[in-house]
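Trainee: The structure that follows is given in the form of structure tokens.
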Amino acid sequence: MSSQFAVRLVVPPGQAEEKLALLAGETTGIVEESDGTWLAYFADRHTAAQWGEPFAVTEQDWSANWQSDWQPLEIGQRWYLAPPWSEAATPPGRLRLAMTPGPTFGSGDHPTTQMCLELLEHAIPPAQRIIDVGTGTGILSVAARELGAKTVTACDTDPEAAKLARDAGISVWQGSTASARSRTADLVLANLPGGLLIDFLPELRRLAPVLLVSGYLDTQAEIVEQDAIIHEKRASGEWRAALLSYPEDIPA
């Protein structure tokens, strides 16, 4: 039975972006607990010990903990997020989305993903061609498809993420957006850490006239939203998400 090691982390307000950047490439998964702490998972004890006091967690423990903690959630007006093993009936008028366990970001538990889902309810018409940049598990791509998007394409540099999205039936390529033509979509979805999102903004704006972005912090909002038309916006703690367009990107 495979095992990994976990460390419980206390993340002070305003330091989530910095902590995520430091953990990138080190952790095999992060779970944000209800008390605001993070449970970070690592492949070996040595790496875990650099972040705190590690304790062993078997794959069976991970699955059992995940199943005991995760209950169905109603998000926005349309969504019903449920783990695959849940037998609860989908409430009338809601669309069911699976919360996928595992180390790849985007299972639906994090506020940034939930805010994306809320905004997505209002973003599909008339945005019919969708690109999901940094798709993670593919949950936002699946949601866009459920809402009736004409085409949904996803990309991610992480091979595990690309596989998960492909397993969900999403057309996905592993790699960057560099090979995509300008204005190849009506709407770009990008749930990315704020620093990465800021770096990627010019590229995202090249791909589509409307952006649904999430993952940035309140302290980064001025940079992300500068010169933008804000169609809708969401906030959850220090996290922000918005549906944006930029007048200078729209041909006269």
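Quick note: the coordinates plus some simple rules give every number you see, no bench work behind them. Since this is a predicted model, take the numbers as computed values, not measurements. Cβ atoms come from the backbone with ideal geometry, glycine included; neighbour counts cover every protein chain shown.
Trainee: Order by neighbour count: Ile139, Ile124, fewest other Cβ atoms within 10 Å first, most last.
Mentor: Ile124, Ile139
Trainee: Testing the spin-label approximation: label points 7 Å from Cα along Cα→Cβ at Glu74 and Glu248. State their distance in nm.
Mentor: The modelled label-to-label distance comes out at 4.4 nm.
Trainee: Okay, next question. With both bridge residues required to lie in the chain, what share of the DSSP beta bridges run antiparallel, to the nearest 5%?
Mentor: 60 percent
Trainee: When only C-alpha pairs under 8 Å and at least 6 residues apart count, what is the relative contact order of the chain, in percent?
Mentor: Worked out over the chain, it gives 14 percent.
Trainee: Taking R0 as 22 Å, what's the FRET efficiency between Thr157 and Thr47 from their Cβ-Cβ distance, rounded to 0.05?
Mentor: 0.55
Trainee: Here is a follow-up. I'd like the distance between the alpha-carbon centres of segment 208-222 and segment 109-125, rounded to an integer number of Å.
Mentor: Using only Cα atoms to place each centre, the spacing works out to 13 Å.
Trainee: If you don't mind, there's one more thing I want to ask. If I stretch the segment between Ile198 and Ile230 completely, what's the gain in nm (0.36 nm per residue apart, minus their alpha carbon distance), one decimal? Provide the component values of the computation, followed by the final result.
Mentor: Working: separation 32, 0.36 × 32 = 11.52 nm, distance 1.61 nm.
Separation in residues times 0.36 nm, less the Cα-Cα distance, equals 9.9 nm.
Trainee: Another one. If you stretched the chain out fully between Trp85 and Glu222, how much longer would it get, using 0.36 nm times the residue separation minus the C-alpha to C-alpha distance?
Mentor: 45.2 nm
Trainee: If you don't mind, another one. Local charge sum around Trp38 (other residues, Cβ-Cβ under 11 Å, Lys/Arg +1, Asp/Glu -1)?
Mentor: Combined, the nearby Lys, Arg, Asp and Glu give -1.
Trainee: Give me the one-decimal nm value for the distance between modelled label points at Asp35 and Leu23, 7 Å along each residue's Cα-to-Cβ direction.
Mentor: 1.6 nm
Trainee: Tell me, Asp227, Asp158 in order of fewest to most beta-carbon neighbours within 10 Å?
Mentor: Neighbour counts put them in this order, fewest first: Asp227, Asp158.
Trainee: Nothing charged except the Cβ atoms of Lys and Arg (+1) and of Asp and Glu (-1): what's the magnitude of the dipole of the chain about its Cα centre? Round to the nearest 20 debye.
Mentor: Working: 18 positive and 33 negative charges, 183 e Å.
Taking the Cα centre of the chain as origin, the dipole is about 880 debye.
Trainee: Going by the alpha-carbon gyration tensor, a ≥ b ≥ c the square roots of its eigenvalues, is segment 110-199 rounded (a/c under 1.5) or, if a/c is not under 1.5, prolate (a/b greater than b/c) versus oblate?
Mentor: In terms of gyration-tensor shape, rounded.
Trainee: Can I ask one more? Could you put Ile75, Ile230 in order, starting from the residue whose Cβ has the fewest other Cβ atoms within 10 Å?
Mentor: Details: Ile75 20, Ile230 11.
Fewest-to-most Cβ neighbours within 10 Å comes out as Ile230, Ile75.
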